[in-house]
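Data first, discussion second: the structure below is written as structure tokens.
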Amino acid sequence: MTNDTHIDAVGYALDAVDDLERARSERHLQDCESCRREVAEVAELTVTLASDVPPLAPSPDVRSSLLAQIQHTPQTPSSRAERSIGARSARTAGRHRRAVLGLVAAAAVVVAGAGVIHAQPWAGSSNGVTNAQSRIEHAPDATRQTVQFQGGTVTVISSRSLNQAVATLNKVAATKGDTTYQGWFIKSDGPTNAGILKTDHTNRLTANVQGAKEFDITVEPAGGSQVPTKTPILALPLTTT
């Protein structure tokens, strides 16, 4: 199914829409592959920019300016006639799309001297601070599974449309010696490294979730392994929607 009235993919990915718009967007995403792809790309960009840098809230003027630009930047050609002009339309759409992604980048980082500081222009909004977990949770196909593990729990939240997942280890006993927990997505061609897992922490899993049938955890040497060297101590089948 196609729909000429696309959603605000940037606002949805940044969790900067109200409940009514979010519900409409989620209905639209069920049938619109191009919007699902746009949401996934924006989410991936913001997560990448936000990784491992300290937060810094900007001034109210900066926040208002950035959100206003996002609101008024077109994501697709503005008229049916424009869409029908073949290659010219494709180039125009590409420029619009790059402009939107550029605004996302501007909203996500502030360059200060030699450093890059993570800014949160939506901090204090009714939807709270956007992060990887909230984006995945709000995806129309989001799934959540919690299981007992090593004296605590492991919660895996995943979205195949966003191709992302997070794993939270809550009150899990630390590994012994010079070892660490490591996650793996099990696919038809074997295990794929999903990253080292910190306890009492929400871990953004680095591997793509699409095609994964199971999420495993092993205990590996500090720094992790390229392939599992131990028998999994957790094997969690992944549900699909």
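Couple of notes before you dig in:
- Positions within the stretch 176-194 being closer than 18 Å to residue 235 by Cα and surrounded by fewer than 17 Cβ atoms within 10 Å (Cβ to Cβ), in sequence order: 187, 188, 189, 190
- Hits in the stretch 20-69 - residues which are open to solvent by 60 Å² or more (accessible area, probe 1.4 Å), within 15 Å of the chain's Cα centre (by Cα) and at pLDDT 80 or above: 36, 37
- Selection of the stretch 28-45 for residues being over 12 Å from residue 8 (Cα atoms), of a type in the set (D, E, K, R), in contact (Cβ under 8 Å) with a residue 12 or more places away in the chain and assigned to a helix (DSSP H, G or I) yields 41, 44.
- Complete set of residues in the stretch 162-174 that are open to solvent by 40 Å² or more (accessible area, probe 1.4 Å) and at negative phi: 170, 173, 174
- Single residue of 236, 197 found to be closer than 17 Å to residue 133 by Cα and touching a Phe, Trp or Tyr at 6+ places or on another chain (Cβ under 7 Å): 197
- Among the residues examined, residue 209 does not qualify as of a type in the set (A, V, I, L, M, F, W, C), touching a strand residue (DSSP E or B) at 6+ places or on another chain (Cβ under 8 Å) and over 25 Å from residue 134 (Cβ atoms).
- Test: residue in the stretch 130-148 that is crowded, with 19+ Cβ neighbours inside 10 Å, under 21 Å from residue 18 (Cα atoms), touching a residue at least 40 places away in the same chain (Cβ under 8 Å) and hydroxyl-bearing (Ser, Thr, Tyr): yes
- Residue match in the stretch 212-226 (condition: in contact with an Asp or Glu (Cβ under 9 Å, 6 or more places away or on another chain) and part of a strand (DSSP E or B)): yes
- Among the residues of the stretch 156-192, the ones that are under 22 Å from residue 135 (Cα atoms) and part of a strand (DSSP E or B) come to 14 in all.
- Those residues of the stretch 13-26 which are in contact (Cβ under 8 Å) with a residue 60 or more places away in the chain and in a helix (DSSP H, G or I), in sequence order: 13, 22, 26
- Subset of the stretch 195-211 (residues that are part of a loop (DSSP other than H, G, I, E, B), of a type in the set (Val, Ile, Thr) and crowded, with 16+ Cβ neighbours inside 10 Å): 199, 209
- Inspection of the stretch 183-202 finds a residue satisfying the criterion of being out of contact with any strand residue (DSSP E or B) (no Cβ under 8 Å at 6 or more places or on another chain), under 26 Å from residue 45 (Cα atoms) and not aromatic (Phe, Trp, Tyr).
The values are calculated or read from the model by the stated rules, or taken from the named source; none is laboratory data. Note that the structure is predicted; figures quoted are calculated from it, not measured. Heads up, the Cβs are rebuilt from the backbone with ideal geometry, glycines too, and the neighbour counts pull from every protein chain shown. Side chains included, ligands, DNA and RNA excluded: accessible areas come from the protein's heavy atoms. Shrake-Rupley method; radii C 1.70, N 1.55, O 1.52, S 1.80 Å.
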